[in-house]
Each structure stands twice: as C-alpha cells, then as structure tokens.
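Chemist: Take a look at this one; I'll ask things after.
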Amino acid sequence: MKEGPDIARVAALVGDPARANMLTALMNGGALTASELALEAGVSLPTASSHLAKLMDGKLLTVASQGRHRYYALSGTEVATMIEAISGVAANAGPQRARPGPRDKSMREARVCYDHLAGDHAVAMFDRFVAEEIILRDDVTVRLGPVGAGFFASVGIDTSKLGLSRRPMCRACLDWSVRRSHLAGSLGTAILEKILAEKWARRPAGSRVVEFTPPGRKAFERLFLA
C-alpha cells in the first residue's frame, strides 16, 4: 500500500448509504441516539448499531452518555467539511431536479453546516468579506484582513477572543448547494451565534434550515451584505 492517509477506508465508511444518511443527519451540529439515527438511515436498530460501531472505529463520530442514553455526534469540523464537500460533488454529478421543492429552496438559502451558516446568504457574505478585505484569501489560507477586527467589533464580535482558541478563526468551506465557499472556523460560528442570539432567524426542530424573519433578514443584510 502507498504511504499516506488511508483514503479508501474513510471513503468506504462514508460510501455506505445508511452511514451516509447518519452522517448527514448530524450535520446540524447536534447529537442523536442510535434509535434516531436508525430512523434517519432507514435500518433496524441492530443494523444501525453495527454501522455506528464502524463510524466510531473510523473516528468519524464521538459518543457521550447521559443517563440511559448514548448520543452520537460528528467528531469535529473536519468531518463536517468532508461531508459538505462530498455533498457538493454528489449534487454536481447526480441527477438534476427540474423543480426543487420548498424544503430544497430553504436549504439552499440558509442552513446550518455543523456549527456555521451555509447556503446562498453565507456565500454572499463570504464574497463581500473578501471583496472588502475584511477577510483575505489566497490559494491556501483564509485569514482576517486589515479592517477585519474593526468591522467585526462594530457588529459585536470580538475577534481577539476568537484568536485565543486553538481552532482556526477563518476557514473556507465548500458549499454543496452553491459550489463555492462560505466562512467556517470560530468566526463563522460566532456569526451564526449572533444571528440566532439576535433572533434574526430560528432553527426549526429536526432541520438544518435557518429561517430568517423579515426584520431579521434586513438586519443581516444591512450588517453582513451591504
């Protein structure tokens, strides 16, 4: 076998339809029980348990116990980024729908990608940040631009605190529905947290969709898209 990471092993784990459905169900950043993931995957509980054991062994999932229940979640942002990127390839290579339904439209507009905002709004925001050098992007890295700290301070986000984390502050994440980048990293998380804290939008239970209220959409556009 050639040296380097075992891509084939990870691809095989993700490539099973039931496991792919489980991983996608956890892209909202939450945690689900084995029974809930069995429903998402359309398999029996014993079969789901077997799949979960393989995903755990492959380090794609983590598990936490609370009382009698065990809750499974994606093991981190790298796994979420991988699923988002694969979704983009699948959307491009798979059959095209002539008329996507309302749920698809909502997912395209704004949704959660693990712990940050994705969709049309997120891509437009990232483009604005790059155009105005709030964020600097080259072929390899994404980083805070010369006016970035001041801009985010003006909207109530302290980037100096975000910089203390081991986690990258800025990272480009390929958006599966737009097939261009949106902002991930601790800064992407902080923006999503602000949107929800300000009640500009809500997250319906069991869905990755981010639903903006009419006033919330205007506030978001004024601060992040204008």
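Chemist: Sequence gap at least 6, Cα distance under 8 Å: using those rules, report the relative contact order of the chain to the nearest whole percent.
Modeler: On the way: 307 pairs, mean separation 38.8, N = 226.
Answer for the chain is 17 percent.
Chemist: Rounded to the nearest percent, how much of the accessible area of the chain (1.4 Å probe, protein heavy atoms only) is carbon and sulfur?
Modeler: 55
Chemist: Another question about this same structure. Given a Förster distance of 22 Å, report the FRET efficiency between residue 90 and residue 207 from their Cβ-Cβ distance, rounded to the nearest 0.05.
Modeler: Working: r = 20 Å, r/R0 = 0.90.
It comes to 0.65.
Chemist: What is the projected area of the convex hull of the Cα atoms of region 183-226, averaged over all directions, in nm²? It would help to have the intermediate numbers written out before the result.
Modeler: Details: hull surface 13.2 nm².
The orientation-averaged projected area of the Cα hull of region 183-226 comes to 3.3 nm².
Chemist: How many times 2.2 N^0.38 Å is the alpha carbon radius of gyration of region 74-187?
Modeler: 1.13
Chemist: Let me check the size of region 8-81 from its C-alpha atoms; what are the radius of gyration and Dmax in Å?
Modeler: That works out to 11.1, 36 Å for Rg and Dmax.
Chemist: How big is the equivalent ellipsoid of region 118-174 along its three axes, where each semi-axis is √(5λ) from the Cα gyration tensor, reported in whole Å from largest to smallest?
Modeler: Numbers: eigenvalues 60, 40, 28 Å².
Taking √(5λ) for each eigenvalue gives 17, 14, 12 Å, largest first.
Chemist: On to the next question. Treat every Asp and Glu Cβ in the chain as -1 and every Lys and Arg Cβ as +1, leave all other atoms uncharged, and give the resulting dipole magnitude about the Cα centre to the nearest 20 debye.
Modeler: Computed about the Cα centre, the dipole is about 440 debye.
Chemist: Hey, if you put +1 on the Cβ of every Lys and Arg and -1 on every Asp and Glu Cβ in the chain, which of 20, 92, 141 ends up farthest toward the positive end of that dipole?
Modeler: Of 20, 92, 141, it is 20.
Chemist: A further question on this structure: Please compute the per residue accessible area over region 97-226 with all protein chains in place, 1.4 Å probe, rounded to a whole number of Å².
Modeler: Working: 6890 Å² over 130 residues.
So region 97-226 comes to 53 Å² accessible per residue, rounded to a whole number.
Chemist: Just the number, please: Stokes-Einstein D of the chain in µm²/s, Kirkwood Rh from C-alpha pairs, 37 °C, 0.692 mPa s. Before the final figure, lay out the partial values.
Modeler: Values: Rh = 18.8 Å.
The estimated diffusion coefficient comes to 175 µm²/s.
The values are calculated or read from the model by the stated rules, or taken from the named source; none is laboratory data. Source: prediction; values computed, not measured. Here the Cβ is made from the backbone with ideal geometry for all residues, glycine too, and neighbour counts use every protein chain on show. When the accessible area is computed, the model is the full protein with side chains, heavy atoms only, and any ligands, DNA or RNA have been set aside. Shrake-Rupley method; radii C 1.70, N 1.55, O 1.52, S 1.80 Å.
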